[in-house]
1. Give me a count of the residues in region A:49-62 that are surrounded by fewer than 22 Cβ atoms within 10 Å (Cβ to Cβ) and either within 7 Å of another protein chain (Cβ to nearest Cβ) or of a type in the set (D, E, K, R) (or both).
2. What number goes with the only condition from (1) modelled with pLDDT of 90 or more; (2) more than 7 Å from every other protein chain (Cβ to nearest Cβ) that residue A:78 does not pass?
3. Can you tell me how many residues within region B:14-28 are in contact (Cβ under 8 Å) with a residue 24 or more places away in the chain and facing another protein chain (nearest Cβ under 10 Å)?
4. Please determine whether any residue of region B:156-175 is among the charged types (D, E, K, R) and either modelled with pLDDT under 70 or not in a helix (DSSP H, G or I) (or both).
5. Restricting region B:151-179 to residues that are crowded, with 18+ Cβ neighbours inside 10 Å and within 18 Å of residue A:3 (Cα to Cα), which is farthest from the other protein chains (Cβ to nearest Cβ)?
6. For region A:1-38, enumerate the residues that are more than 7 Å from chain B (Cβ to nearest Cβ), modelled with pLDDT under 85 and surrounded by 15 or more Cβ atoms within 10 Å (Cβ to Cβ).
7. Can you name every residue in region B:39-61 that is assigned to a helix (DSSP H, G or I), within 10 Å of chain A (Cβ to nearest Cβ) and among the polar types (S, T, N, Q)?
Amino acid sequence: MNERLRHIFDYSTCLNRRQMRQYVAAQMSSEERHAAEVHLNTCQFCSEALDGLMASKGVSVKLMEDLNASFIKEHLELTVPHVQVNSIAAAPIQKTSASQHKTIQSNKRIIILVGGVLSAFAVMWYIEFLKDANRHKAPIEPAIYQSAAAAPPTVAPKKTAPKPVKQPVSNVAATVKYSTTDNKSKKEEKEKAVALTHAKEVKKEPIVTKKLTEPKKVIAPAIAKSTPKATPAKVTTIATKPIVPAKSIVPAAATNTAKPPASTQAAAPAAPAIVTKPAVIGPPPMDTNMH
Amino acid sequence: MKQTTPPSDYKKLSDEELLYRYVHRNEHIAITYIYERYAHLVLGICMKYVKSAEAARNLSMQLFISMLEDIKKTEIDEFKPWLYAYTKKYCAAKGTAENKLADNTKTTKTGTEFVLDNNEWYSHLSEEHLTENIERAVQLLKPEYRLCIEMFYLQGLTYEEIAKKTNYKVSQVRTYLQAGRKQLKEKLEEGA
């Protein structure tokens, strides 16, 4: 007896539309009716609703069958913009389309996959673009290294005349180009031209290296004793144009230019030629008879 | 891209979850499920306040249209009691003079409030107290209350069957059962 009485106050869910319609229409079995009435004893909402429906039994059953939420949808479509696109909302509530749901899911996957592939291509292109950008940035120093490396490391034998050092004219021009400023461009072009002409002349004439400080007398007396008609030692002179004193155009960018022959220096000692030492790379060209 | 909820899942959502989706996510379909759950109850209460069934149907539709906006302005903890009170107030304002207030009304400083009974008091009672005292409390009820309660809960009879056996009307049986439960609740709370 206690067990059944303990469930007097148990809570139960409200009657749905079908149950209420069947109860009003007396279409339930005895057990179903009793279960519905157990809830009606506990729920004021359902109990009052039942009172109103039972007052007009025949009409209320028809009204409950015709209840439809379409007027709510129409009202919301007119007044409230539907922000979230819900494909299920477009379909009637009663009809469920599982196949539509599946196709929507598969389309989403395809879109995600295509987006991933395109983004991967974009990343690869960007990496290649960065690499190309780094290649085109040519620093100043490698050009110098190239000019120094281009010049063959001349290790000439002591007694033989040093080989003519190649004048990497183009590299010289390149270094000059790197080192010049806009304001000094004209002057430097002239000096460059001079250097070029000088370089060409150096190629043609063998360089007779002598110690600059040695007087010419050393050679001449030996010859004079033997023959009275000894001609003085030939001192090769190179007819050169007066060299304009050049300013230090390349302070850091040392260019590999051959040292001017002694004769030219002797001719114009006050006008130092463009003599620049190679920076680091390669052994310096050794000149014989310098020491 | 937001995931769409299939219709079968909407049925599993609680009233409060459906309200949240409608108010905060603008999901129109969520409020239609609310309508499907409570439209017949709102219609029944409307039929108590108006004469014709057609007028009651129109009144219930107007009520739901009005509720769509009021839901967004109100913080609702439990939807069912709120909807009950909202329906009673709306029908009382729009209905005819024949409407009658239900017994579960409370008069407060702000006016009459329609309150739905709940079973919160039941959860405060211990199992032992209920087991020991409920049978004794039933014996202390009024005879008509005790008879209807014993026939309904112990014998499992319906309203109509009790009415046939006791010569009471069906409405009387319902009234006695509701009053008997209320008195039983008071006696159990006294003894707790």
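The values are calculated or read from the model by the stated rules, or taken from the named source; none is laboratory data. This one's a predicted model, so the numbers in the text were calculated from it and none came from an experiment. When we count neighbours, we look across all protein chains shown, and the Cβ atoms used for this are built from the backbone with ideal geometry, even at glycine.
1. Here is the first cut: in region A:49-62, the ones surrounded by fewer than 22 Cβ atoms within 10 Å (Cβ to Cβ) are A:51, A:54-59, A:61-62.
Filter once more, so that each one left must be either within 7 Å of another protein chain (Cβ to nearest Cβ) or of a type in the set (D, E, K, R) (or both): A:51, A:55-57, A:59, A:62.
Qualifying residue count, region A:49-62: 6.
2. Of the numbered conditions (1) modelled with pLDDT of 90 or more; (2) more than 7 Å from every other protein chain (Cβ to nearest Cβ), the odd one out for residue A:78 is (1).
3. The total comes to 1.
4. Pass one, region B:156-175, residues among the charged types (D, E, K, R): B:160-161, B:164-165, B:169, B:174.
After this cut, where a residue has to be either modelled with pLDDT under 70 or not in a helix (DSSP H, G or I) (or both) as well, the list is B:169.
Yes, region B:156-175 has at least one match.
5. For region B:151-179, the residue satisfying everything is B:151.
6. A:12
7. Quick first cut of region B:39-61, residues assigned to a helix (DSSP H, G or I) only: B:39-49, B:53-61.
From what's left, within 10 Å of chain A (Cβ to nearest Cβ): B:39-49, B:53-54, B:56-57, B:60-61.
Across region B:39-61, the qualifying residue is only B:60.
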